[in-house]
Every structure is written in structure tokens, then in C-alpha cells.
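Here's the structure we're looking at; comments come further down.
Please treat every number below as a calculation from the coordinates, not as lab data. Every value quoted in this text rests on a predicted model; they were computed, and no experiment measured them. So basically every Cβ, Gly included, is an ideal-geometry build from the backbone, and we count neighbours across all protein chains shown.
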Amino acid sequence: MVEADPAKRAFGRPSLSPRIALCWRQLKLLRMMPTVDRTLAHRRLLRRIHGVPAEAASHVINFPPLAQLLSSAYRRGLEKHRASLPKLSDTESRIVAGLRRDGVVVTSLQALALSGTGKMLSSAAELMDVYAGRAARGEFRHRYTTLVSGDELMQHPSIPWWGLDQSLLRIAEAYLGLPVAYDGCHFYYTVADGRQVASRLWHRDFEDRRMVKVTVYLHDVDDGGGPYEILHRDFPGSQSLSGFNYPILTHEELAQRLGGAIDDRDVTSCTGPAGTVIFSDPATRYHRGKPAVSRDRAAIFYNYFSRRPLRPFLCERSGLSRAQLASLATGLSPAQRACLLWRDDLPWIAKLIPPAPL
């Protein structure tokens, strides 16, 4: 079991040296904290320290000459792969078109009719009940979001396997325009405490230039249950910022940047019954999980990007180890294995940088 941490806020800082100084100051402050607070702060500090190589690499690839080379290679890759894009069914084509137009498409498990859905839902319900019981006993009192661990997912392999359905892979590849990588899934149990923290803040993901996130609701999610939300408006600077320095904003800060109140024309709030499925691009659109206030939320997030993502060292954060991924790949088709074991296709230099912790 892994507690999610607002790590992405850390990567929005423009300079690396202040981050190292901050880690040093926090290390000295740990001794003065109460035991519970000290444990949580220690975890977060370790995450920051382990994330320093990835942050340094992110700064390096933002160096203008290197950034231009990478952008040119990206455009060549799109052109080269254009003739190899998969043929889509009508349903798949509508989803891809909706992603290109709006950045989000809401559908359902029933409409997708993917094989393996029944086993995935059965396993997910078991885990959801376990976590609901633990939350009721107060085990998550000091956590706002809890990520189901890789060991627990390996006991329910139908959950990560569901994300390798060929239909999902075709949709992701057609939208990305490149061979697709599947970065596993995040099974989150979110406590309804109303706090604006971590992924409940407005942000953009930056693992790659384009991404596809497939969200599955495991129970009904209304406006008070923490719906996934995506923004359709730009604000000054939101598209012109260099590299990965996108601001991370509270709802009030976003409204201020937009120049007024946010209404339904600005945001798609993805409410829906259990079995609702949301396709979105979290890299090109601001999004958040609205703070839950009426009930806890359980949802699974399946993640896709190109097989050579811009920042591979910000990937591999599903909680599944490489050994566990290799085990899951047993018996899969060659195409599915290539999507799951995408890291094998990286240049050697990219493999040297350890992935940042979530």
C-alpha cells in the first residue's frame, strides 16, 4: 500500500538547487515533529530525494538545442508511423475524434463491451470493499488518497490485464499517432475529506507530449463524490510555458486566472454511475479529481503514452515492479508484451535515470 504524494507539484519548480536545499532543511526539521507527523514527513522527504535525478533530467531536456532535436524527432516519428496506424471500429473512431476535439469522452463499460470486464470488476469490488473497511476503521486518517500496492494488484491480475485490451490499445495508438506504451494502472481509494491537495488540484501531466488516461468508476460518482474534471479553456501562460513548469492551482486560483467564475462551459465534470469510463488527455488539458465531500471514491486509472515518452523517468509509477510486469507479460501476444514492456525499447541513456517515485 502506497500513499499518494503531491510529487508533481515538486516538478513544477524552475530551479533544481532550491529543491536540494529544501530537502536539507526538512531533514533537520524532522527531529522536532510528533511521531505521526514525522513518519509522513519522512516518507515525503525520501520521495523528494529519490526524485532529484528525474528532476535534473527534466531540466536537461528543456535545454533549447536538445528540446529542438527531440521535437524534430517526435515530428518525424509521427510522419513515419502514420501509415501504420490501426483501423478502428465506429465506437473507437468516435472516442478518438472526441479526444481530439474536447480532450475527454465519457462512455461506459457496457458500451465498450471489452472482454475481461467481468473479472476485472469482480476483483476490483473485492479490493474496494477491503479498503472501505480499512477507511471505516480510521486507517487512512492521515492520508487523502491511497494507492493499491503492486503486490495487491498481482493477487488480482485481471485488473492490470484489462488495460491491455486490443481495443484500448488501438484507441490510444490512433490518438497518440505513435506506437503505444501501457504504463499499468493506478487503483486509488480517495477519502472524502474535501481537501484540495495533490491530484485534487488543477494540473497537467508531463510524462509525454500527449497521453491517454482511461478512468473507470467502481461506484456511482455524483458532484460530491469527487468526479474527474477537465478544463476546456486556456488562461494566460497556460500554453506558452516552457518545459514542464505548468502552474498547479487551487480552484480559486484557477478562477482568478480565468478572470471570473468557472461554469459548465469551462469544465466537464465527469459524474456517472458505477461502470462509467472516461477517456481523457491529461497532458494537454488541465484536470483534477474534484475534492470528495459526500463519500469516499474508488476508481482505477489506466495510463498510456508513446513508446518513447518525452520523460520516461516520470513514468513507471503504478506500484508494479519490473519483475511483476514481466510476470504479467507471460502469455500475452507480442503486441501486448511490447506495450507492457515498453521500457525495453528505450535508448540506453534513458534507462540510466531511475524513475521518480509517485
Over the stretch 191-338, relative contact order from alpha-carbon pairs under 8 Å, at least 6 apart, %: 46
Check each of the trypsin sites (Lys or Arg not before Pro) in the stretch 151-232 and keep only those in coil by DSSP with at most 15 other C-beta atoms within 10 angstrom; list them in order. ARG195
PRE reach from HIS81 (point 7 Å along Cα→Cβ): which of the stretch 191-213 fall under 16 Å by backbone N? 207-213
Gain in span if fully extended, ARG94 to HIS142, counting 0.36 nm per residue against the direct Cα distance: 13.1 nm
Work out, step by step, the length gained on full extension between VAL52 and ARG195: first 0.36 nm times the residue separation, then minus their alpha carbon distance; give nm to one decimal. 48.8 nm
Fewest-first ordering of PHE313, PHE305 by Cβ atoms within 10 Å yields PHE313, PHE305
In whole Hz, the Karplus estimates of ³J(HN,Hα) for the stretch 215-224 (6.51, -1.76, 1.60; θ = phi - 60°; x where Gly or Pro) are 9, 10, 7, 9, 8, 4, 10, 9, 4, x
J(HN,Hα) series, the stretch 62-67, from Karplus relation 6.51 cos²θ - 1.76 cosθ + 1.60, nearest Hz, glycine and proline x: 7, 4, x, x, 5, 4
Where does each of GLU92, GLU229, GLU173 land when they are ranked from fewest to most other beta-carbon atoms within 10 angstrom? GLU92, GLU229, GLU173
Interchain or long-range residues, amide H under 5 Å from PHE187's placed H: VAL148, PHE301
Just how far, in whole angstrom, is the stretch 156-222 from the stretch 101-143 if you go by their alpha carbon centroids? 12
Can you sort SER58, SER89 by how many other beta carbons sit within 10 Å, fewest first? SER89, SER58
Which FRET efficiency, nearest 0.05, do ASP264 and SER149 yield, Cβ-Cβ r, R0 30 Å? 0.20
Label-point gap, in nm, between ASP234 and ARG134 - each point 7 angstrom along Cα→Cβ: 4.3
